[in-house]
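Below is one structure, written out as structure tokens, with a few remarks after it.
The values are calculated or read from the model by the stated rules, or taken from the named source; none is laboratory data. Note that the structure is a prediction, hence the values are computed from the model and not measured. Reconstructed Cβ throughout: ideal geometry from the backbone, glycine too, with neighbour counts over all protein chains shown. With ligands, DNA and RNA removed, areas are computed over all heavy atoms of the protein, side chains included. Shrake-Rupley method; radii C 1.70, N 1.55, O 1.52, S 1.80 Å.
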Amino acid sequence: MSEDLAPGLKERVYDAPRRRFLRVLAIGVIFVLCGFFLLAGLAKRQLFQSENYLRQHNQQSRRIVMTPAPRGEIRDRYGRVLVSNKARFSAVIDLSLIRDEIENERIKIIRNSRQQVRAGTRSGFDRNSALNDARIEILQRYLKQVNEAIGREQVLDSKKLLRHINQRRTLDFPLAENLTDSERARFVENFPVDSPVRLYVDSVRKYPYGKAAAHVLGYLQNFDDIQTDGIPEKYSSLPVAYYPGKKAATGLERRFDDVLSGIPGYQVWMVHPNGFLFKMIDEKLPEQGSFINTTIDIDLQQDLERALGESPFCGSAALVDVNTGEVLAMASSRSYDPSEYSYIIREKYQKELKAQDKNFQINRVVQGRYPPGSTFKLITACAALRSGIAPERQFDCGAFVTIGKKRFVEHDGIAFGKVDLARMLRVSSNVYCYNIGLEIGQEPIVAEARRFGLDRGLSLELPEAGATGFAISSPKYKRDNGYSGWSTGDTMNLVIGQGYTLTSPMHIVCLAASIARKETRTNLTILRNPGRTADAVSAGGEPLGLSDEAYAELIRGMRECVAAGTGKRARVEGLEIAGKTGTAQWTNEGKKWNLAWFAGFAPIENPKVAVVVCMEAPLTAHAGGGATAGPIAGKIFKAWFERQGKSENARP
């Protein structure tokens, strides 16, 4: 029959099977190519991208929880602990254990909102806010239970909760922090071990001696960060969760933070898809920080602070070892309790402190910038002796000196008559010093002040000791600060420690200690180092440069100042003290004050310690160096004298 077909139709009939074969072949090739590309893609993901997918999986299913390290101890010179750690207990809630309660509450809120909309009592509702409302409602219930158990009346901070949900969902949420021992006992009695509310323990600083040495030790404050350097490379890509850490804010805590802070630990947890922890798979415990030994003698520190605290005025004092430069005690008044002030700065406590002294945070011993008043007459005396003025030379000292049309008066309007160098120091004669200034000029006096480093930074290992702004009144200072030219009146102010001269109490105690050793510099330290050399103490200085006779007269004047002069209220029976009082006028924040100074050392024949006291008093209080600072210095010297050999036996 095929023979009867037309030629064209006959070819198409014979070509049909071949075309079907080609179509099947083409489809087969397409399937093979698709399979090849699919297998190639799978191979690429398995062979070349598997690490990326594994990393993404780990990031989604694992978390690192950092555990802060306990800080190291701070100890006094005999090993007694000044700052350690103690456990702090808080009531926290595990949010993963109340998910069902929150979800049921969310559904309830949505249902009630719909009913209100249908009833016309509500125009609408935000479905997305229902979850947050449910969280707040459930946590308020648990907080109410905690309050009833421990006797508090805390209110849930909803902003803090939402911040915690967004940033630290994997961690427990704190309901009540810093529980007292009695609160903790009541909590344990009321909450079973399977409750979602539990006790959380972390470490806080403990101060066995309370407020003692607060400005020296410093305090910590909350810090929303933590060190993550110790995380192994294999976990470096995982998200990190942590409770707020503590950052050193001031004092030794800040200066030696790298020594004290230790190394944080970590825990690696598996995480549920909703973000909650459910299984710990690795852990490294934190390592406590190292300790530091200070030069502070806590017995003398408490004695010094007790003496300061008996004054109605604010101020500061320091006790220094003359031969080693070690700070045995130093304090500012008013002070604060670092256990109250650290971590969460309580507004009420801060207001109470500011009501007593708005500058309570300032470490006045090293940060105070004050005119030194008549303590500067020690500089004037040294400059006079080194300029060739004989110590026995007398000036006729009336009640004032007239320069041009201006009178420069003696303190208290007294005319002292014939005054030599030793008597000048005894009675603190201004007019004697005016005559010295007129005779030798300002240059030797400015140079002498710079020899003693009164305008230089302190060597002490405290961050606050880096304070600047110290100055010596001089023509250069006036030029550099845009003041008019130098006058004779400026010299008159310079010689009695007024004018533009600004220094700190710690500079003045270094002046006293240096004179005691017949040198010009005392480099201080607050780190205990029994092997500290004399060269380290006096580095940067030079010999005092006085003859034996001149030095003897200088010391005689300082001895008589305490024995029978302006510093007689600093006397201690059985202890010979060389000292110098001072009273200066000081303007701070637009208000005028009197500064009451005392600086000295003892014993005279074999100097061991130097003391400085500087008190701030309103002009109306009529405070003076001898009447106000002298008694405080006397108490400090007496405490040191009576404790000789006793503190060494107090080693723990």
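In the chain, taking the dipole from charged Cβ atoms about the Cα centre, the farthest positive-side position among Pro391, Ile150, Cys561 is held by Ile150.
Within straight-line reach of Lys279, meaning a Cα separation under 27 Å, sit the following lysines at least 8 residues removed in sequence or on another chain: Lys160, Lys234. Between Val365, Gln442, Ile604, the Cα set farthest toward the positive side of the dipole of the chain (charges on each charged residue's Cβ, about the Cα centre) is that of Val365.
Count the net charge of all other residues whose Cβ sits under 13 Å from the Cβ of Asn85, scoring Lys and Arg as +1 and Asp and Glu as -1. Value of the local net charge: +3. Choose one of Ala639, Ala87, Leu162: the residue whose Cα lies farthest towards the positive end of the charge dipole of the chain (beta-carbon charges +1 Lys, Arg; -1 Asp, Glu; about the Cα centre). Going by the charge dipole, the pick is Leu162.
Under a point-charge model restricted to the Cβ atoms of Lys and Arg (+1) and Asp and Glu (-1), what is the dipole moment magnitude of the stretch 64-214 relative to its Cα centre, in debye to the nearest 20? Please report the intermediate quantities before stating the final value.
Numbers: 29 positive and 20 negative charges, 105 e Å.
Charge dipole, the stretch 64-214, about its Cα centre: 500 debye, nearest 20.
Can you give the calculated 222 nm mean residue ellipticity of the chain, where each DSSP H run of n ≥ 4 adds -39,500 (n - 2.57) and the sum is split over every residue, rounded to the nearest 500 deg cm²/dmol? List each step's numbers first, then the result.
Numbers: 23 runs with 258 residues, N = 652.
Here the helix-only value at 222 nm equals -12000 deg cm²/dmol.
Which percent of the accessible heavy-atom area of the chain goes to carbon and sulfur, probe 1.4 angstrom? Provide the component values of the computation, followed by the final result.
Details: 15920 of 32120 Å².
That share works out to 50 percent.
Leaving out ligands and nucleic acids, and using a 1.4 Å probe, what accessible area per residue does the chain come to in Å²?
Details: 32120 Å² over 652 residues.
Roughly 49 Å² per residue, with all protein chains present.
Which aspartates and glutamates have a Cα lying under 14 Å from the Cα of Lys211, excluding residues fewer than 8 positions away in the same chain? Candidates past the 8-residue exclusion: Asp299, Asp303, Glu305, Asp337, Glu340.
May I ask you to rank Asp337, Asp535 by accessible area, largest first, using a 1.4 Å probe over the protein chains only? Can you show the working numbers first?
Values: Asp337 35, Asp535 120 Å².
Ranked list, largest accessible area first: Asp535, Asp337.
Measuring spread by the Cα atoms of the chain yields a radius of gyration and Dmax of 38.6, 160 Å.
Give me the net charge for the shell around Ala241: Cβ to Cβ below 10 angstrom, other residues only, Lys and Arg +1, Asp and Glu -1.
Values: positive: Arg63, Arg168, Arg169; negative: none.
Local net charge: +3.
Only lysine pairs 8 or more places apart, or on different chains, with alpha-carbon atoms under 29 angstrom apart are counted in the stretch 317-437, and they number 6.
Suppose every Lys and Arg Cβ carries +1 and every Asp and Glu Cβ carries -1, with no other charges. What dipole size does the chain come out with about its Cα centre, to the nearest 20 debye?
Values: 90 positive and 74 negative charges, 377 e Å.
About 1820 debye.
Placing +1 on the Cβ of every Lys and Arg and -1 on the Cβ of every Asp and Glu, with no other charges, gives the stretch 472-600 a dipole of roughly 400 debye about its Cα centre.
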